[in-house]
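Here the structure comes first, spelled out in structure tokens, and everything after it is commentary.
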Amino acid sequence: MSIAPARDPVVPAEAAQPPLLVVDDIVMRFETPEGSVTAVEHVSFDVKQGEFLAVIGPSGCGKSTLFNIIGGLLDGYQGRVAVGGKRIIGPHRSIGMVFQEESTFPWRTVIDNVAFPLEVAGMTKAERIERARHFVRLVGLDGFERRYPAELSGGMRQRVSMARTLASEPKIMLMDEPFGALDEQTRLLLGDKVIQIQQELNQTTLLITHNITEAVQLADRVLVMTYRPGRVKRFVAIDLPRPRNSEIVGSDTFGHYVAQIWSDLREEASRGMIADESRSRGRGRAE
Amino acid sequence: MSGLSKSLTRSALRPVLIGVGSLILFFIFLEFAVRFGLINQFAVAPPSDIVKAFPRLFAEEHVGDRFLDTAFEAVIASVFVALFGISAGVLLYKVRILRLATETWVAAFAAAPTVLLYPLFLVIFGRNATTIIMMGFVAGLAPVTLKTLEGLSTTRRVLVNVGRSFNLTEWQLFWKILFPSALPTIFVGVRLGLVFALINIVGVEFLINFGGLGALINELSERFDLAGTYAAICFVILVSVMVFMTTERAERWLTSAG
Ligand SMILES: Nc1ncnc2c1ncn2[C@@H]1O[C@H](COP(=O)(O)OP(=O)(O)OP(=O)(O)O)[C@@H](O)[C@H]1O
Ligand SMILES: [Mg+2]
């Protein structure tokens, strides 16, 4: 069992390098009519430059909440998020987000979607189209520049969202189950694409997922979260050679990591199901 | 035979043919009903007379000029409807308290027969084109405001979040995300507003006997020119259909071109 403490370096030579992203003791509560719900409880971790961290946990454990806090879209939390040693509050240009839901702009073509952050930043048309073209090619959508999202498949649309976020050249990519709605094969192939891009740009990446295969396939390190309230259950360092591709999914070591994470997750998921069941029973009695 | 029916099924013409065909059948039925006294011929003119009255409309009644009068009023009213309706919708969206306070009223106003307000407008503006334009404006305003509000507030949350994650200013968030996302819905409102305005404009022209097509219908009916009256009514219907189809086209073009 390889339980990696938060500061365990992936590449020993980089050990001295300070972490790029620090998430420090985040607590988030939501006030609901039924009382206060703790979505995230005392979550802390560091991410180094170029590292790929997957955050995995059962549904409803607070993954999206964490994602929105780091991205600066939620406030009212306790704790601290810092990039490059400086605390950040609110959306920050060094963090790019890819959302769980479909988020392309239906009124813009693929190229104009991808050029969006550049347009907002005030880049001239010729320049931004040129830049956008590069990122469209990077996600493998060349030839589709003039199409509208409605003319694309779900997987292609998620790649457009990814290219759009990449175009803003964030230091850190946050991805919240970007392939959650896709079938397993597409998910694996897009996973290859993500690895390839991440390696090419040496992009620091946080991938939120509830898919174990995806987490092990892509990440240097996996953070396993507990069921509500979401806490850090364990860090698992994935010591699989790079470059990786989806073929690795069949290997023994891969299976070993999956089994290890699954045993952690099963505990949490069943805890979640029992909690949900007893809650709905309680509600049934009350009514 | 089966080959012919198959090619008809495939062609887009079929529904059009059925529509026009039933219209013609209806007119033939009407023709006979009036000729044989089933329907009082002093209430309804036989369709053949109505058709014969059409050239008269152009030659003697200058229906072209009348049309231009109405069109002029309609265009001015529509520009105002779009301008003020969309602005009001944006205002209601931005100022929450205003929205909560007035949304129900605006909805009620959209359903109200505003044409009944014409005596009031007559007093304020006099018997002239301004009254007619204002009546059209008032009728078209509410649907545009409501649809604008609806379009803005149903913008998908995640799209707004994308904008926020890219650090957009409030201004950019509105013009780059909220407004384009709401545009198809806003356009539905503008179309509705335009049709409402047109109905009211012709109606008020008729009531105050001033200006374009509505006034023409009024004059013809007061002269007991039954065929002419119905011909003019048909002309108005044709114009409305054309306006409706044009805006539909424009909408489709706008939404497909982004
Ligand atoms: N705005 C909110 N108001 C109240 N409760 C909320 C809010 N957002 C999230 N929650 C609650 O916080 C908990 C965590 O939600 P979150 O969306 O972060 O889960 P998740 O891990 O992303 O789940 P999934 O895998 O299903 O996407 C849930 O119990 C949810 O009900
Ligand atoms: Mg989620």
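In the set (1) away from chain B (no Cβ under 14 Å); (2) under 20 Å from A:Gln158 (Cβ atoms); (3) free of Cβ contacts under 8 Å to residues at least 60 places away in the same chain, A:Arg80 fails one condition alone, (2).
Just checking, which of A:Ser251, A:Ser246 is over 23 Å from A:Ser64 (Cα atoms), away from ligand 2 (no atom under 16 Å from the Cβ) and free of Cβ contacts under 8 Å to residues at least 24 places away in the same chain?
Going through A:Ser251, A:Ser246 in turn, the sole match is A:Ser251.
Across the range A:174-227, which residue is nearest to the other protein chains (Cβ to nearest Cβ) among those that are more than 16 Å from ligand 1 (Cβ to nearest atom) and part of a loop (DSSP other than H, G, I, E, B)? The extreme case among them is A:Gln203.
Residue-wise test of (1) out of contact with any Asp or Glu (no Cβ under 8 Å at 6 or more places or on another chain); (2) away from ligand 2 (no atom under 13 Å from the Cβ); (3) assigned by TED's automatic domain parsing to the domain that holds A:Tyr227.
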| residue | (1), (2), (3) |
| --- | --- |
| A:Gly35 | yes, yes, yes |
| A:Lys48 | no, yes, yes |
| A:Ala54 | no, yes, yes |
| A:Gly60 | yes, no, yes |
| A:Thr65 | yes, no, yes |
| A:Asp75 | yes, yes, yes |
| A:Arg80 | no, yes, yes |
| A:Val83 | yes, yes, yes |
| A:Ile88 | yes, yes, yes |
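Tell me the residue from A:Leu53, A:Leu73 that is more than 8 Å from ligand 1 (Cβ to nearest atom) and within 14 Å of chain B (Cβ to nearest Cβ), please.
Numbers: A:Leu53 fails: within 14 Å of chain B (Cβ to nearest Cβ).
Being more than 8 Å from ligand 1 (Cβ to nearest atom) and within 14 Å of chain B (Cβ to nearest Cβ) holds for just one of A:Leu53, A:Leu73, which is A:Leu73.
Looking across the range B:116-150, the residues that are farther than 26 Å from B:Thr185 by Cβ and touching a Leu at 6+ places or on another chain (Cβ under 8 Å) come down to B:Tyr118, B:Thr131.
For A:Arg266, are the conditions met, namely being among the basic types (Lys, Arg) and closer than 30 Å to A:Thr38 by Cα?
Details: among the basic types (Lys, Arg): yes; closer than 30 Å to A:Thr38 by Cα: yes.
It is true that A:Arg266 is among the basic types (Lys, Arg) and closer than 30 Å to A:Thr38 by Cα.
For the range A:96-133, a residue qualifies if it is within 16 Å of ligand 1 (Cβ to nearest atom) and of a type in the set (S, T, N, Q), and the qualifying residues are A:Gln100, A:Ser103. For the range A:22-50, the candidate set comprises residues that are free of Cβ contacts under 8 Å to residues at least 40 places away in the same chain and either within 8 Å of ligand 1 (Cβ to nearest atom) or within 14 Å of chain B (Cβ to nearest Cβ) (or both); within that set, the residue that is surrounded by the most Cβ atoms within 10 Å (Cβ to Cβ) is A:Phe30.
Residue by residue through the range A:56-70, note down the ones that are more than 8 Å from ligand 1 (Cβ to nearest atom) and more than 23 Å from B:Leu168 (Cβ to Cβ). Before you say what the answer is, go through the steps one by one.
We begin by selecting, within the range A:56-70, every residue more than 8 Å from ligand 1 (Cβ to nearest atom); these are A:56, A:69-70.
Listed by number, the list holds a single entry, A:Ile56.
Meeting the requirement of 3 or more residues that are in contact with a helix residue (DSSP H, G or I) (Cβ under 8 Å, 6 or more places away or on another chain) and at pLDDT 90 or above, the strands (runs of 3 or more DSSP E) wholly within the range A:50-166 are A:52-56, A:95-98. Scanning the range A:176-210 for residues that are open to solvent by 10 Å² or more (accessible area, probe 1.4 Å), in contact (Cβ under 8 Å) with a residue 40 or more places away in the chain and either within 16 Å of ligand 2 (Cβ to nearest atom) or touching a helix residue (DSSP H, G or I) at 6+ places or on another chain (Cβ under 6 Å) (or both) yields A:Glu177, A:Gly180, A:Ala181, A:Leu188, A:Asp192, A:His210.
Here is a check on your reading of the model: is B:Pro113 within 14 Å of another protein chain (Cβ to nearest Cβ) and surrounded by fewer than 20 Cβ atoms within 10 Å (Cβ to Cβ)?
no
Residue by residue through the range B:139-193, note down the ones that are within 8 Å of another protein chain (Cβ to nearest Cβ) and open to solvent by 50 Å² or more (accessible area, probe 1.4 Å). Matches in the range B:139-193: B:Arg156, B:Arg164, B:Asn167, B:Lys176, B:Leu183. Taking (1) within 16 Å of ligand 2 (Cβ to nearest atom); (2) within 11 Å of chain B (Cβ to nearest Cβ); (3) among the aliphatic types (A, V, I, L, M) in turn, A:Ile95 satisfies each apart from (1).
The values are calculated or read from the model by the stated rules, or taken from the named source; none is laboratory data. Please read these numbers as outputs of a predicted model, since none were measured by experiment. Cβ coordinates were reconstructed from backbone atoms using ideal geometry, including for glycine residues, and neighbour counts include every protein chain displayed. Accessible surface is based on the protein model in full, side chains and every heavy atom, while ligands, DNA and RNA are left aside. Shrake-Rupley method; radii C 1.70, N 1.55, O 1.52, S 1.80 Å.
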